[in-house]
Amino acid sequence: MLDKELSDFTANNKQNLGLISLNAPLISNLDVWVNIALIKQYHENLSKKTAKSLALHYLQRYGMEYIANKRNSALTHKERFIVMLLRAAMVKDALIVLDRPFMIIPDVQNDRFIYDALQLINDSFKECLIFDYTWFKDRYGIINAEKN
């Protein structure tokens, strides 16, 4: 059921979709900065130099510029999640979709890490939706909190 809902949502929102999912992995033979920059290069014709600078800028927001030249296999779960998040945020007017995020970051027990990661780039996307099983709803206490 969850896969069907995600598939339907994806089909209806292709234009601005920034999907973070194990089913949409990083490109393993490319450096981190290229995985992030590729979206802007391909969709907005940004030069390699400009796109790399943008990718490095976003990695610096997380204090993670040191991973720029690493490949997917050399990343921790948290680093991989951040790179996937940044890649998703590079989509113009991004609608970020997190597909079962705790499968990507299994060493994280609640949504604090996800919430903090999103806050650092909240100027880079329009909306963020999480697709996960209802029995995990207690793990999303912070994100689901109502705004005052």
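The values are calculated or read from the model by the stated rules, or taken from the named source; none is laboratory data. Quick caveat: nothing in here was measured; it's all calculated off a predicted structure. Positions of Cβ are generated from backbone atoms using ideal geometry, with glycine treated the same way; all protein chains shown enter the neighbour counts. Note: accessible area is taken over every heavy atom of the protein model, side chains too, but ligands, DNA and RNA are not part of it. Shrake-Rupley method; radii C 1.70, N 1.55, O 1.52, S 1.80 Å.
Here are a few things to note about the model shown:
- The combined condition, being in a helix (DSSP H, G or I) and open to solvent by less than 70 Å² (accessible area, probe 1.4 Å), is fulfilled by Gln41.
- Leu98 meets the conditions (1) within 17 Å of Ile20 (Cα to Cα); (2) assigned to a helix (DSSP H, G or I); (3) touching a residue at least 12 places away in the same chain (Cβ under 8 Å) in every case but one. The failed one is (2).
- Restricting the first member to region 1-22 and to residues that are farther than 15 Å from Ala94 by Cα, and the second to residues that are open to solvent by 70 Å² or more (accessible area, probe 1.4 Å) and in a helix (DSSP H, G or I), the beta-carbon pairs closer than 6 Å and six or more apart or on different chains are Leu22/Met103.
- Unique residue being of a type in the set (Asp, Glu), open to solvent by less than 40 Å² (accessible area, probe 1.4 Å), out of contact with any His (no Cβ under 8 Å at 6 or more places or on another chain) and at pLDDT 90 or above when the list is Asp123, Asp116, Asp99: Asp99
- Here region 1-27 is the region considered, the condition is being in a loop (DSSP other than H, G, I, E, B) and open to solvent by less than 80 Å² (accessible area, probe 1.4 Å), and the residue that is modelled with the lowest pLDDT is Asn13.
- Residue that is nearest to Ser28 (Cα to Cα) [pool: residues in region 59-81 that are of a type in the set (Ser, Thr, Tyr) and either open to solvent by less than 90 Å² (accessible area, probe 1.4 Å) or in contact with a strand residue (DSSP E or B) (Cβ under 9 Å, 6 or more places away or on another chain) (or both)]: Thr76
- Matching residues in region 108-136 - criterion: being assigned to a loop (DSSP other than H, G, I, E, B), touching a helix residue (DSSP H, G or I) at 6+ places or on another chain (Cβ under 6 Å) and not aromatic (Phe, Trp, Tyr): Asn110, Asp111, Ile121, Ser124
- In region 66-93, the residues that are part of a loop (DSSP other than H, G, I, E, B) and under 10 Å from the mean Cα position of the chain (by Cα): Met90
- For Arg139, the conditions (1) part of a loop (DSSP other than H, G, I, E, B); (2) over 18 Å from Ile36 (Cβ atoms) are fulfilled apart from (1).
- Being within 27 Å of Ala11 (Cβ to Cβ), open to solvent by less than 50 Å² (accessible area, probe 1.4 Å) and in contact with a helix residue (DSSP H, G or I) (Cβ under 6 Å, 6 or more places away or on another chain) is a property that does not hold for Met84.
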